[in-house]
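Below is one structure, written out as structure tokens; the observations come after it.
Just so it is clear, none of the values below were taken in a lab; they were calculated from the coordinates. Computed from a predicted structure; not experimentally measured. So basically every Cβ, Gly included, is an ideal-geometry build from the backbone, and we count neighbours across all protein chains shown.
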Amino acid sequence: MSTREDHSDDAALAGEYVLHLLEDAERAAFEKRLADEPGLRDLVREWEAQFAVLSDAVAPVPPPPRVKAGLEKTLFPVTGAGRTSIWGILAGGIVAAFVAVGAVLLAPLPMDSLRTSPTFTANVAAQDGSLVVAASFIADTNTLEVTRQAGGAFPGRVLELWLIAEGVDAPLSLGVLPEERAVRIDVPPAIARQLANGVLAISDEPPGGSPTGAPTGAVLATGPVSDV
Amino acid sequence: MAFLCYWSFGHRYRNTQRSEMRTGNRVIGRSDIEDMILRVALGDRAAFSALYDATSAKLFGVCLRVLSNRAEAEDTLQDVFVKIWHKADLYSVNGYSPMTWLITLARNAAIDKLRMRKKGHVDIDEVYDLATGAPTPEAEAIASSETSRLNGCLAELDADRSDAVRRAYLDGDSYKDLAARYDVPLNTMRTWLRRSLLKLRECLTG
């Protein structure tokens, strides 16, 4: 009898909790119990699921774009003002000669046929691990094997791979990464020679890659090239 | 890396419209949303952006309904998505369906804000007219059989009482609000509502 009463009491209490009808003190006491009582958590989950269907009556309202912009700024903040310098300033076209390289959409290739030992490798990663791309360069064939291990392009955008060579400010495009996870890139000998001690970087670009030959979107991931 | 930077957010957002349009033309199902949440749990920003595009209008609607204030609803929506980014890894263990989880997060955040506002000053600026908000076909419906089941059970209650439950859930009405609306003492209101909840539960689990 008392168990049954307790149970129905709890069922009503859980419903009141889900509806946010409890006063602060009651709510706090209930939450304290929630931590220790799985049965109570089940009741809450059931009510949440039951009541959630009431939201079908709520019309979707597109939020203004500033909400998403603010969200990205909060979660993925812009770091120091001086850091925009290298690529931003040089976006003008010093590297126009390399545009042709960037414009080529790289074809995906099966990776299992490539087992020559690499000369250089780089782990190109976002600070928070949201994008991780492993790259290894095979000097014999002048090819760069690129494997995307985590993350991907934003909807309607592409990822473009760049080399920032030692002592050279302007990044050199190595091409747009296709949707496939693994790809082999033929690196022109002139660029291959500059890989040592360079840095690989990936930027967010419009479809087809940067229209200017220099990165135009956010730099999502970077990683130094190291000797094997 | 010293040059790791975001100097050009504009480029990303110029594209937002296009991806929203594309999302609008697709039917986004439960497993799509679930897949996005699971990828967000792995820190996938693209998935986060897609999840936002697919669900933000519904969640903004929920926040607006509770808060009746655009500025507050925008703040709340942003807080909700910050929470989603940080807590997506908890999703797979909490046993909620994806839309229930998202709606619950949004509604809880909105009601917390509403209660805070009511404790402090009342801000009647920017009141949003909800009368215009009719349900639209593209509203992500949770399984319609569940909807009709709950509505069927609500219909078994007296009209006032089912209305009170809806007001508590959708508008974030407190016992005080409801007591004033139905012109009954607070304790009577509470007794009514608790009885309604038990009847509802009996109907839903029966």
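Legend: mean number of C-beta atoms from other chains within 10 angstrom of residue C-beta atoms, peptide B:191-203, equals 4.
Simple point charges give the picture: +1 on the Cβ of Lys and Arg, -1 on the Cβ of Asp and Glu, and for the stretch B:141-206 a dipole about the Cα centre of about 220 debye.
Can you pull the mean other chain C-beta count within 10 Å for peptide A:201-212?
Numbers: counts 3, 0, 2, 8, 1, 4, 2, 0, 0, 1, 0, 0.
That works out to 2 on average.
Under a 5 Å amide H cut-off, with hydrogens placed 1.01 Å from N, A:LEU172 pairs with A:LEU163, A:ILE164, A:ALA165 among residues at least 5 apart or on other chains. In order along the stretch B:56-62, the phi-based Karplus estimate (6.51 cos²θ - 1.76 cosθ + 1.60, θ = phi - 60°) of 3J(HN,Hα) comes to 5, 5, 5, 5, 5, x, 5 Hz; Gly and Pro are listed as x. From least to most packed, judged by other beta carbons within 10 angstrom and beginning with the fewest, B:TYR96, B:TYR52 follow the order B:TYR96, B:TYR52. Note on B:GLU202 and B:LYS119: the extension gain reaches 26.4 nm, defined as 0.36 nm multiplied by sequence separation minus the Cα-Cα distance.
Order by neighbour count: A:ILE202, B:ILE111, fewest other Cβ atoms within 10 Å first, most last.
Numbers: A:ILE202 30, B:ILE111 22.
Going from sparsest to densest Cβ surroundings: B:ILE111, A:ILE202.
A:LEU144 sits among other residues whose Cβ lies under 12 Å from its own Cβ, and their net charge, with Lys and Arg +1 and Asp and Glu -1, is -1. Could you tell me the distance between the Cα centroids of the stretch B:30-83 and the stretch A:124-155, to the nearest Å? Result: 29 Å between the Cα centres.
Would you mind ranking A:GLU180, A:GLU72 by Cβ crowding within 10 Å, fewest neighbours first? Working shown, then result.
Values: A:GLU180 15, A:GLU72 21.
The fewest-first ordering by Cβ neighbours comes to A:GLU180, A:GLU72.
For A:ALA125, nonlocal amide neighbours, meaning residues 5 or more places apart or on other chains whose placed amide H falls under 5 Å from its own, are A:VAL133, A:THR222, A:GLY223.
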